[in-house]
Amino acid sequence: MNQEFHKTSVEERTGVVSRSRPAKTALAVAVAISLAGGGAIWASAKEVQPLTPTAPVAPALIGLPGFADVVERVTPAVVNVKVTSDTTRRMGRSGHMDMPRDLPIPEPFRHFFDEQGQMAPHLVEGQGSGFLVDPQGFVVTNNHVIDGASQVTVVLNDGAEHQARVVGRDDKSDLALLKIETSQPLPYVELGDSSKARVGDWVLAVGNPFGLGGSVNAGIISARGRDIHAGPYDDYLQIDAAINRGNSGGPLFDTTGHVIGVNTAIYSPTGGNVGIGFAIPAETVRQVVADLRDDGRVERGWLGLQIQEVTPELAAGLGLERPEGVLVADVVAGGPASGTDLQAGDVIVRANGHQLESYRELPKLVAATKAGTRMQLEVLRRGKPLEVAVTVGQMPGDEGAVAAQDTPEQSGGAPRLGLYLALLTPDVRAQNGLSADQKGVLVAQVERDSPAAKAGIEPGSLISMVGAEPVDSPDQIVAAARKAADEGKQALIMRVERGGRTLFVAVPLAA
């Protein structure tokens, strides 16, 4: 039986509830206590002190918390997020544009295709949860809830429905920010300080599981700092409050009613809830949401280093007393660190005075640092201490996406494609599972209802050619679009690679 992580997408299962029957009236008032020698000592009921009072005990008297006041206060700010995805693609029945048109289509699947054997338009609906973070209508949810959606609808606690605009999304943290328009202020909740949350603290997961409507589940924080390999900056809170399908994007509250996390994933052998859930901590949410609200994207710092964990075996070979710090496997040519004295084989033990106990700490620390900031690194090289100063750069994936969208596609009169593109740096290759010999430009994001989206291009695709020319930078694609428009062409032909498939697509040129 395989155990897998699920972003709260599970199969609904039924179970048998066992109910205890009322106890019969006691026929005896004596208690027998067996002895090792086989004898027994009998004591009358009057001499035996009961372990629990005979009358019911109110929860408050034995320390059990009551959550009703908190729930009543926060649930008006929790929303249902409904999404509609258009599965139409400009390709044949098996994903290839050159499929023979005379192949028979089985009757059960005939409604999915048109008369030419092309995929007929059909809609797929899904739902998740979210929460309002200010009275103006900004809603936080998971990126995977709205990923690929052609329409997003937010349903408020009172049942009112509003069409939502995607302000920005960040796949690395799996967060998204939506905006709805209303004529009056809306109830909202505030982000708390999850750094002060301790293992064992009570928490409340609020959302819309299985489409049943608003629902509250209580539990505790089971662990902190979990890395489930869902992204490069994993730092999840583990909780045992039930998270199921539809809970994705919902808030995790502490007992004061502050949001300390966003419910995101579960770990389960069956896909169903088994009491192991994960929430993005509020510190991450606060930073990402602020960036998305400012300009629709998240800017992250970058050093240009390939790093790895210092294992006990490596520590022994490097002459370290214990496994600690970050081992530099390579320095990326042209990256911020390439102009410093850093070398492969160096072990970074501190960054700006922060002790690096785990190699995962450095990427998170650097990503949270603004480009242009000087960072002081304390390094061990062949057992000797060394200090290296490096200026943090901007992560190329984000920089490439900005360049493709803002210059010159929007500002210079080139046709709008609706693509956010990224250079294939070593970091970008590693994050997207691309080999070192793959060429092209990565599609970081695709605008909804844009020419690229209508052509079937999806985030994560690789554009390797435009027309008959290979490309390896976003600027080349923008320049090719401008040239095609100047020549009066109606579409830009691109070769797109995704999931082992390669096909040519025609992206309409809209001025």
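Given the condition in contact with a Lys or Arg (Cβ under 6 Å, 6 or more places away or on another chain) and more than 30 Å from Gly335 (Cβ to Cβ), answer yes or no: does some residue in segment 486-504 qualify?
As a first pass, look at segment 486-504 and keep what is in contact with a Lys or Arg (Cβ under 6 Å, 6 or more places away or on another chain): 504.
Keeping just the survivors that are more than 30 Å from Gly335 (Cβ to Cβ) gives 504.
Yes, segment 486-504 contains at least one residue that is in contact with a Lys or Arg (Cβ under 6 Å, 6 or more places away or on another chain) and more than 30 Å from Gly335 (Cβ to Cβ).
Could you tell me whether Ser215 is farther than 23 Å from Asn273 by Cβ and of a type in the set (Ser, Thr, Tyr)? Criteria not met by Ser215.
Restricting attention to segment 377-393, does a residue exist that is of a type outside the set (S, T, N, Q), over 28 Å from Thr284 (Cβ atoms), part of a loop (DSSP other than H, G, I, E, B) and modelled with pLDDT of 80 or more? There is at least one residue in segment 377-393 that is of a type outside the set (S, T, N, Q), over 28 Å from Thr284 (Cβ atoms), part of a loop (DSSP other than H, G, I, E, B) and modelled with pLDDT of 80 or more.
Helices (runs of 4 or more DSSP H) wholly in segment 403-511 with at least 1 residues that are within 29 Å of Thr84 (Cα to Cα) and either at pLDDT below 85 or not assigned by TED's automatic domain parsing to the domain that holds His144 (or both) - which ones? Spell out the reasoning first.
On the way: elements: 426-432, 451-454, 474-486.
In segment 403-511, 426-432, 451-454 are the helices (runs of 4 or more DSSP H) which contain 1 or more residues that are within 29 Å of Thr84 (Cα to Cα) and either at pLDDT below 85 or not assigned by TED's automatic domain parsing to the domain that holds His144 (or both).
Just one of (1) farther than 21 Å from Gly393 by Cβ; (2) surrounded by 14 or more Cβ atoms within 10 Å (Cβ to Cβ) fails for Pro269. It is (2).
With respect to the conditions (1) assigned by TED's automatic domain parsing to the domain that holds Asp240; (2) part of a strand (DSSP E or B), Phe210 falls short on a single one, namely (2).
When Arg286 is tested against the conditions (1) in contact with a Leu (Cβ under 7 Å, 6 or more places away or on another chain); (2) over 23 Å from Gln136 (Cα atoms); (3) surrounded by fewer than 19 Cβ atoms within 10 Å (Cβ to Cβ), the lone failure is (2). Strands (runs of 3 or more DSSP E) fully within segment 222-283 that include at least 3 residues being free of Cβ contacts under 8 Å to residues at least 60 places away in the same chain and in the same structural domain as Asp201 (by TED's automatic domain parsing): 236-239. Among the candidates Val328, Val332, the residue that is among the aliphatic types (A, V, I, L, M), farther than 27 Å from Arg169 by Cα, in the same structural domain as Ala344 (by TED's automatic domain parsing) and modelled with pLDDT of 85 or more is uniquely Val328. Every test in (1) crowded, with 18+ Cβ neighbours inside 10 Å; (2) more than 33 Å from the chain's Cα centre (by Cα) is passed by Ile463 save one, and that test is (2). Here is the figure for segment 260-275: residues that are in contact with an Asp or Glu (Cβ under 7 Å, 6 or more places away or on another chain) and of a type outside the set (Ser, Thr, Tyr) total 4.
Checked against (1) more than 24 Å from Pro65 (Cβ to Cβ); (2) surrounded by fewer than 21 Cβ atoms within 10 Å (Cβ to Cβ), Ser222 passes all but a single condition, namely (1).
The residues of segment 364-393 that are under 15 Å from Val331 (Cα atoms), out of contact with any Lys or Arg (no Cβ under 9 Å at 6 or more places or on another chain) and touching a residue at least 40 places away in the same chain (Cβ under 8 Å), listed by number, are Val388, Gly393.
The values are calculated or read from the model by the stated rules, or taken from the named source; none is laboratory data. Predicted model, so just to flag it, every value in this text is computed and none were measured. Please note: Cβ atoms are built from the backbone with ideal geometry, for glycine as well, and neighbour counts cover all protein chains shown.
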